[in-house]
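Visitor: Structure provided below as structure tokens; questions to follow.
The values are calculated or read from the model by the stated rules, or taken from the named source; none is laboratory data. These numbers were taken from a predicted model, which means no experiment stands behind them. All Cβ positions, even for glycine, are placed from backbone atoms using ideal geometry, and neighbour counts span all protein chains on display.
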């Protein structure tokens, strides 16, 4: 599935996330050993939000990053946007934080927001799924205010080290098996696609170069989970 291109890939990803929405959070906790919430906290910290700021969580899914931003910065206006509507429906049912977020149907390549709307744009597990990485970065830059921050949390291909065989075993066998057992047969293809898309995605260094090429400055990143998760950040220059 990771080899799909263009509109076919976009439609597959949209339908896939809607199918796994109800068990998505549980699977993330299990796959990451509970570390995924820590990474989301790090993403919100990297956004460096000002007082009374505005944050866009693009590809918000069930809203975990958006909720973290609301908890840490109750004065911030938080928008969660996604094209997988069922994922957002799960998030909206998540108690008081679900009501504190403004939810928006949105395509990452055609964001329905005015230029310079946000102090930070954060995404979790978006970039490896978009069909046009430069286009998605350009849209995020467009809706940022001058001096605003882009933050990207995503998977990264397993590094070439002694742990690589074990990581590949987890990706190719462990995650699909867990997906079948926990999310059900109808989601089996999704938990084959997700590891495949990780292996096919840019390295952390390559993604940093893409962010810099999109016009962001002070680009940097940090890796987690034996190098298989990367958090990138950068700043939009004054214009």
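Visitor: With respect to the numbered conditions (1) under 26 Å from residue 234 (Cα atoms); (2) over 13 Å from the mean Cα position of the chain (by Cα); (3) buried (at least 18 other Cβ atoms within 10 Å of the Cβ), which one is the sole condition not fulfilled by residue 80?
Guide: Answer for residue 80: the failing condition is (2).
Visitor: Quick check on residue 210: is it under 28 Å from residue 150 (Cα atoms), under 17 Å from the mean Cα position of the chain (by Cα) and not in a loop (DSSP other than H, G, I, E, B)?
Guide: When the stated conditions are applied, residue 210 passes them.
Visitor: Among helices (runs of 4 or more DSSP H) lying entirely in segment 107-187, which contain 3 or more residues that are within 18 Å of the chain's Cα centre (by Cα)?
Guide: It comes to 133-143.
Visitor: Is at least one residue of segment 176-198 in contact with a strand residue (DSSP E or B) (Cβ under 7 Å, 6 or more places away or on another chain), surrounded by 23 or more Cβ atoms within 10 Å (Cβ to Cβ) and under 26 Å from residue 212 (Cβ atoms)?
Guide: Taking every residue of segment 176-198 in turn, none turns out to be in contact with a strand residue (DSSP E or B) (Cβ under 7 Å, 6 or more places away or on another chain), surrounded by 23 or more Cβ atoms within 10 Å (Cβ to Cβ) and under 26 Å from residue 212 (Cβ atoms).
Visitor: Could I ask something else about it? Filtering segment 112-125 down to residues that are buried (at least 23 other Cβ atoms within 10 Å of the Cβ) and touching a helix residue (DSSP H, G or I) at 6+ places or on another chain (Cβ under 8 Å), which residue is farthest from residue 216 (Cα to Cα)?
Guide: Result: 124.
Visitor: Can you confirm whether segment 89-103 contains a residue that is assigned to a strand (DSSP E or B), surrounded by fewer than 22 Cβ atoms within 10 Å (Cβ to Cβ) and within 17 Å of the chain's Cα centre (by Cα)? Show your work before the answer.
Guide: As a first pass, look at segment 89-103 and keep what is assigned to a strand (DSSP E or B): 102-103.
Subsequent filtering for residues that are surrounded by fewer than 22 Cβ atoms within 10 Å (Cβ to Cβ) retains 102-103.
Next cut, within 17 Å of the chain's Cα centre (by Cα) only: 103.
Scanning segment 89-103, I find at least one residue that is assigned to a strand (DSSP E or B), surrounded by fewer than 22 Cβ atoms within 10 Å (Cβ to Cβ) and within 17 Å of the chain's Cα centre (by Cα), so the answer is yes.
Visitor: Give the residues of segment 225-239 that are over 17 Å from residue 136 (Cβ atoms), more than 15 Å from the chain's Cα centre (by Cα) and either free of Cβ contacts under 8 Å to residues at least 40 places away in the same chain or assigned to a strand (DSSP E or B) (or both), sorted by residue number.
Guide: Correct list: 235 only.
Visitor: Of everything in segment 69-88, what is touching a residue at least 60 places away in the same chain (Cβ under 8 Å), touching a strand residue (DSSP E or B) at 6+ places or on another chain (Cβ under 9 Å) and part of a loop (DSSP other than H, G, I, E, B)? Give them in sequence order.
Guide: 83
Visitor: Continuing with the same structure: Please work out which residue is farthest from residue 75 (Cα to Cα), limiting yourself to segment 130-148 and to residues that are surrounded by fewer than 23 Cβ atoms within 10 Å (Cβ to Cβ) and in contact with a helix residue (DSSP H, G or I) (Cβ under 8 Å, 6 or more places away or on another chain).
Guide: My answer is 131.
Visitor: Tell me, please, whether a residue that is more than 23 Å from residue 191 (Cα to Cα) and either at pLDDT 95 or above or touching a helix residue (DSSP H, G or I) at 6+ places or on another chain (Cβ under 6 Å) (or both) can be found in segment 23-40.
Guide: There is no residue in segment 23-40 that is more than 23 Å from residue 191 (Cα to Cα) and either at pLDDT 95 or above or touching a helix residue (DSSP H, G or I) at 6+ places or on another chain (Cβ under 6 Å) (or both).
Visitor: Given (1) out of contact with any helix residue (DSSP H, G or I) (no Cβ under 6 Å at 6 or more places or on another chain); (2) at pLDDT below 85, where does residue 209 come up short, assuming only one miss?
Guide: If we test residue 209 against (1) out of contact with any helix residue (DSSP H, G or I) (no Cβ under 6 Å at 6 or more places or on another chain); (2) at pLDDT below 85, just (2) comes out false.
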